[in-house]
Amino acid sequence: MTGAAVTGAPPSRIAVVGASAAGLCVVEALRRQGYGGPLTLIGEETHLPYDRPPLSKQVLSGAWDTGRLRLRGADDIEALGLRLRLGSPAIALDTQDREVALADGSLVGYDALVVATGTRARRLPGTDGVRGVHVLRTLEDAVALREDLAGKPHLVVVGGGFVGAEAAAVARGLGCEVTLVTDTAQPMGDALGDELGAMLRAVHAEHGVRIETGTLVDRVLTAGGRATGVRLADDRTIDAEAVLVGIGALPNTEWLTGSGVPVGNGVTCDVTLYAGSGVWAAGDVASWPHPLTGERIRVEHRTNAAEQGLAVARNVLAGPEQARPFETVPYVWSDQYDLRIQIWGRTRGADEVRIVEGSPAERKLIALYGKDGRVCAAVGVNMMRALRDYRSQVAEAAPFTARSAA
Amino acid sequence: MQISIDFDKCCGAGQCVLAAPDVFDQRDEDGIVVLLDDNPPADQAENVAQAAAVCPAAVIQVKQ
């Protein structure tokens with residue numbers, strides 16, 4: 001080990017584990033900020049970095065071929081001068097000797113390490129290897145589901161979050177019969193609350209999606225290794241030839257076991273995204289305390305991966321002593337039929353919702369979400385540009401008053 | 001610096017406008033990016049690089 005990280009000099013060897021949006025953003029920002037030393041990018045998947053939001057949208061529908069997902073061209077990646085280690089996941093970390101062990105048996109040394117290993121889809125127990133049961137997280141997942149949907153099966157979507165609601169919309173567009181089962185009171189109820197969730201439910205129903213709310217799927221029914229339907233917690237069964245499980249994601253931290261890197265719900269970082277021992281984290285896998293509220297959060301949004309990648313690159317070069325807190329207004333969007341839903345901030349835990357422009361009937365609106373008397377989020381439906389004017393109220397946690405209009 | 005945009009992939013997040021308001025705007029009707037200046041002055045380089053990096057649809061290409 002070199003003494004760089006101890007003396008406060010910039011690191012002379014940097015490794016980034018995770019070659020998706022966050023990892024790519026880290027290595028690009030490091031080069032842009034003048035870091036010219038050895039830089040290793042390690043990825044479990046064999047692909048060059050690609051984008052995930054279109055997987056449940058344009059790729060699933062067939063509107064895009066998978067080549068359009070690529071975040072950078074091969075020549076752009078080449079120009080970064082990386083030691084690319086794709087297709088060989090990190091399996092262990094030694095923070096004493098500062099080495100990452102890869103699945104192929106090789107070791108990668110570092111002075112500063114960035115963990116950007118993301119999340120993986122949660123699965124239903126007992127569904128491994130069952131044909132017709134899908135999750136949607138990787139390019140291969142999307143292609144496999146698309147191939148199944150081409151046969152116009154009855155699709156049961158388990159989970160009413162972003163992935164489930166978007167896939168249900170796409171599957172209807174492809175002519176599949178679709179039933180969406182969610183344990184919340186409304187589709188995307190966790191993110192949108194009851195009023196906007198009810199609007200979304202109406203939109204899905206108008207497009208022919210059958211919706212079962214407030215109920216859990218107990219298990220997937222199979223025959224001969226193939227899905228035949230699902231059994232609900234209330235003992236009803238729904239026949240299906242295909243099942244998409246969209247019940248959230250789990251942070252990929254198992255490889256850090258025994259490394260001394262603090263892990264809880266993700267990698268436990270401080271406000272600067274530093275986890276100690278020369279290790280930083282960015283993207284879906286990072287948990288950090290919100291600078292204003294102190295609440296520990298982990299955000300699985302595409303834009304968060306990029307923003308944290310930029311912040312971590314800056315902080316890695318500055319060193320832990322000079323690192324700056326990461327501040328953000330989380331942003332996420334969802335496309336369903338002809339609706340584009342955009343969310344600034346965090347809606348969860350909101351105790352007030354007020355529609356400040358438009359209305360659910362118009363399918364065009366802006367709603368402010370308040371918590372403890374402060375604006376915590378702004379949600380727009382088909383009001384793309386207008387919504388941006390409300391971002392500052394979310395950023396400042398402005399008082400949630402009757403006059404909370406832009 | 002030369003900026004090019006893949007308009008078909010733009011998702012209307014407006015992140016680019018926040019990062020470089022002198023270079024990017026959004027259309028009123030659908031939020032799609034409007035390129036105000038495809039060859040902005042050098043003092044915009046960092047803002048534009050930031051915009052390209054945070055764009056959630058990776059539609060902004062910058063050639064120096």
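The values are calculated or read from the model by the stated rules, or taken from the named source; none is laboratory data. It should be emphasised that the depicted structure is a prediction, and the values quoted were computed from it without experimental measurement. Reconstructed Cβ throughout: ideal geometry from the backbone, glycine too, with neighbour counts over all protein chains shown.
Please give the strands (runs of 3 or more DSSP E) falling wholly within the stretch A:79-126 in which 3 or more residues are within 30 Å of A:ALA233 (Cα to Cα).
Details: elements: A:83-86, A:90-94, A:99-102, A:107-109, A:112-115, A:119-121.
The qualifying strands (runs of 3 or more DSSP E) are A:119-121.
Within the group A:ALA281, A:ALA305, A:ALA311, A:ALA350, which residue is outside the structural domain of A:ASP389 (by TED's automatic domain parsing), in contact with a strand residue (DSSP E or B) (Cβ under 8 Å, 6 or more places away or on another chain), buried (at least 20 other Cβ atoms within 10 Å of the Cβ) and of a type in the set (A, V, I, L, M, F, W, C)?
A:ALA281 is the lone residue from the list that is outside the structural domain of A:ASP389 (by TED's automatic domain parsing), in contact with a strand residue (DSSP E or B) (Cβ under 8 Å, 6 or more places away or on another chain), buried (at least 20 other Cβ atoms within 10 Å of the Cβ) and of a type in the set (A, V, I, L, M, F, W, C).
Residues A:GLY294, A:GLY276, A:GLY224: which one is touching a residue at least 12 places away in the same chain (Cβ under 8 Å) and not aliphatic (A, V, I, L, M)? Quick ask: steps written out before the conclusion?
Working: A:GLY294 fails: touching a residue at least 12 places away in the same chain (Cβ under 8 Å); A:GLY224 fails: touching a residue at least 12 places away in the same chain (Cβ under 8 Å).
Only one candidate qualifies: A:GLY276.
Filter the stretch A:167-187 down to the residues that are in a helix (DSSP H, G or I) and either at pLDDT below 95 or surrounded by 24 or more Cβ atoms within 10 Å (Cβ to Cβ) (or both) and list them by number.
Let us first name the residues in the stretch A:167-187 that are in a helix (DSSP H, G or I), namely A:167-173.
Matches in the stretch A:167-187: A:ALA167, A:ALA168, A:ALA169, A:VAL170, A:ALA171.
Tell me, which residue of the stretch A:384-404 that is among the aliphatic types (A, V, I, L, M) and within 14 Å of chain B (Cβ to nearest Cβ) is farthest from A:ILE355 (Cα to Cα)? Reasoning before the result, please.
Looking only at the stretch A:384-404, we keep the residues that are among the aliphatic types (A, V, I, L, M), and these are A:384, A:386-387, A:394-395, A:397-398, A:402.
Of the ones still in play, those that are also within 14 Å of chain B (Cβ to nearest Cβ) are A:384, A:386-387, A:394-395.
On the way: A:MET384: 15, A:ALA386: 13, A:LEU387: 12, A:VAL394: 15, A:ALA395: 19 Å.
Within the stretch A:384-404, the match that is farthest from A:ILE355 (Cα to Cα) is A:ALA395.
Could you please give the count of residues in the stretch A:123-140 that are surrounded by fewer than 21 Cβ atoms within 10 Å (Cβ to Cβ) and within 15 Å of A:ASP218 (Cα to Cα)?
Within the stretch A:123-140, residues that are surrounded by fewer than 21 Cβ atoms within 10 Å (Cβ to Cβ) and within 15 Å of A:ASP218 (Cα to Cα) number 5.
Inspect all residues belonging to the stretch A:285-298 and state whether any of them is within 22 Å of A:GLN96 (Cα to Cα), more than 18 Å from the chain's Cα centre (by Cα) and not assigned by TED's automatic domain parsing to the domain that holds A:CYS376.
no
Looking at the stretch A:35-48 only, could you name the residues that are crowded, with 20+ Cβ neighbours inside 10 Å and out of contact with any strand residue (DSSP E or B) (no Cβ under 7 Å at 6 or more places or on another chain)?
If the condition is that a residue be crowded, with 20+ Cβ neighbours inside 10 Å and out of contact with any strand residue (DSSP E or B) (no Cβ under 7 Å at 6 or more places or on another chain), then A:GLU44 is the only one that fits.
If I ask for residues that are surrounded by fewer than 14 Cβ atoms within 10 Å (Cβ to Cβ) and part of a helix (DSSP H, G or I), which ones from the stretch A:188-219 would you list?
A:ASP194, A:ALA205, A:GLU206
Could you count how many residues in the stretch A:49-70 are surrounded by fewer than 19 Cβ atoms within 10 Å (Cβ to Cβ), in contact (Cβ under 8 Å) with a residue 12 or more places away in the chain and assigned to a loop (DSSP other than H, G, I, E, B)?
Residues in the stretch A:49-70 being surrounded by fewer than 19 Cβ atoms within 10 Å (Cβ to Cβ), in contact (Cβ under 8 Å) with a residue 12 or more places away in the chain and assigned to a loop (DSSP other than H, G, I, E, B): 1 in total.
Filter the stretch A:88-121 for residues that are under 24 Å from the mean Cα position of the chain (by Cα) and either of a type in the set (D, E, K, R) or surrounded by fewer than 16 Cβ atoms within 10 Å (Cβ to Cβ) (or both) and give the result.
Once the filter is applied, which keeps residues that are under 24 Å from the mean Cα position of the chain (by Cα) and either of a type in the set (D, E, K, R) or surrounded by fewer than 16 Cβ atoms within 10 Å (Cβ to Cβ) (or both), the stretch A:88-121 yields A:ILE91, A:ARG120.
List every residue pair whose Cβ atoms sit under 6 Å apart, with the two residues 6 or more apart in sequence or on different chains, where the first one lies in the stretch A:13-28 and is assigned by TED's automatic domain parsing to the domain that holds A:LEU93 and the second, anywhere, is in a helix (DSSP H, G or I) and at pLDDT below 95.
Once the first residue is assigned by TED's automatic domain parsing to the domain that holds A:LEU93 and sits in the stretch A:13-28, its partners that are in a helix (DSSP H, G or I) and at pLDDT below 95 give A:CYS25/B:ALA53.
Does the stretch A:236-247 hold any residues that are in contact with a strand residue (DSSP E or B) (Cβ under 8 Å, 6 or more places away or on another chain) and either part of a loop (DSSP other than H, G, I, E, B) or among the aromatic types (Phe, Trp, Tyr) (or both), and which are they? Lay out the reasoning, then the answer.
Narrowing the stretch A:236-247 to residues in contact with a strand residue (DSSP E or B) (Cβ under 8 Å, 6 or more places away or on another chain): A:237-247.
Those that are in contact with a strand residue (DSSP E or B) (Cβ under 8 Å, 6 or more places away or on another chain) and either part of a loop (DSSP other than H, G, I, E, B) or among the aromatic types (Phe, Trp, Tyr) (or both): A:ALA240, A:GLU241, A:GLY246, A:ILE247.
Is it true that some residue in the stretch B:18-30 is more than 12 Å from chain A (Cβ to nearest Cβ) and exposed (fewer than 15 other Cβ atoms within 10 Å of the Cβ)?
Residues of the stretch B:18-30 more than 12 Å from chain A (Cβ to nearest Cβ): B:20, B:22-23.
Going one step further and asking which of them are exposed (fewer than 15 other Cβ atoms within 10 Å of the Cβ), we end up with B:22.
There is at least one residue in the stretch B:18-30 that is more than 12 Å from chain A (Cβ to nearest Cβ) and exposed (fewer than 15 other Cβ atoms within 10 Å of the Cβ).
So, of the residues in the stretch A:71-87 that are crowded, with 16+ Cβ neighbours inside 10 Å and at pLDDT below 95, which turns out to be nearest to the other protein chains (Cβ to nearest Cβ)?
By that ranking, first place goes to A:LEU71.
Can you pull out the strands (runs of 3 or more DSSP E) entirely within chain B that have at least 1 residues that are under 22 Å from A:VAL329 (Cβ atoms)?
On the way: elements: B:2-5, B:24-26, B:33-35, B:60-63.
Once the strands (runs of 3 or more DSSP E) in chain B are filtered for at least 1 residues that are under 22 Å from A:VAL329 (Cβ atoms), what remains is B:24-26, B:33-35, B:60-63.
Tell me, which residue of the stretch B:1-17 that is surrounded by 13 or more Cβ atoms within 10 Å (Cβ to Cβ) and away from every other protein chain (no Cβ under 14 Å) is nearest to B:ALA58 (Cα to Cα)? Spell out how you get there, then give the answer.
Step one: filter the stretch B:1-17 for residues surrounded by 13 or more Cβ atoms within 10 Å (Cβ to Cβ), giving B:1, B:3, B:5-6, B:9-17.
Pick out the ones that are also away from every other protein chain (no Cβ under 14 Å) and you get B:3, B:5.
Numbers: B:ILE3: 13, B:ILE5: 9 Å.
The qualifying residue nearest to B:ALA58 (Cα to Cα) is B:ILE5.
Could you list all residues from the stretch A:1-31 that are surrounded by fewer than 24 Cβ atoms within 10 Å (Cβ to Cβ) and either at pLDDT below 95 or within 19 Å of the chain's Cα centre (by Cα) (or both)?
Of everything in the stretch A:1-31, those that are surrounded by fewer than 24 Cβ atoms within 10 Å (Cβ to Cβ) and either at pLDDT below 95 or within 19 Å of the chain's Cα centre (by Cα) (or both) turn out to be A:MET1, A:THR2, A:GLY3, A:ALA4, A:ALA5, A:VAL6, A:THR7, A:GLY8, A:ALA9, A:PRO10, A:PRO11, A:SER12.
Enumerate the strands (runs of 3 or more DSSP E) found wholly within the stretch A:299-383, keeping only those where 2 or more residues are over 23 Å from the mean Cα position of the chain (by Cα) and either away from chain B (no Cβ under 14 Å) or not basic (Lys, Arg) (or both). Even if it seems obvious, please write down each step before you answer.
Details: elements: A:331-336, A:339-345, A:352-359, A:364-371, A:374-381.
By residue number, A:352-359, A:364-371, A:374-381.
Please go through (1) under 30 Å from A:ALA169 (Cβ atoms); (2) assigned to a strand (DSSP E or B); (3) of a type outside the set (A, V, I, L, M) for A:THR40 and return the number of the only condition it doesn't satisfy.
(1)
Collect the residues in the stretch A:50-60 that are within 14 Å of another protein chain (Cβ to nearest Cβ) and over 15 Å from the mean Cα position of the chain (by Cα), keeping them in residue-number order.
First, pick out the residues of the stretch A:50-60 that are within 14 Å of another protein chain (Cβ to nearest Cβ): A:50-59.
Of everything in the stretch A:50-60, those that are within 14 Å of another protein chain (Cβ to nearest Cβ) and over 15 Å from the mean Cα position of the chain (by Cα) turn out to be A:GLN58, A:VAL59.
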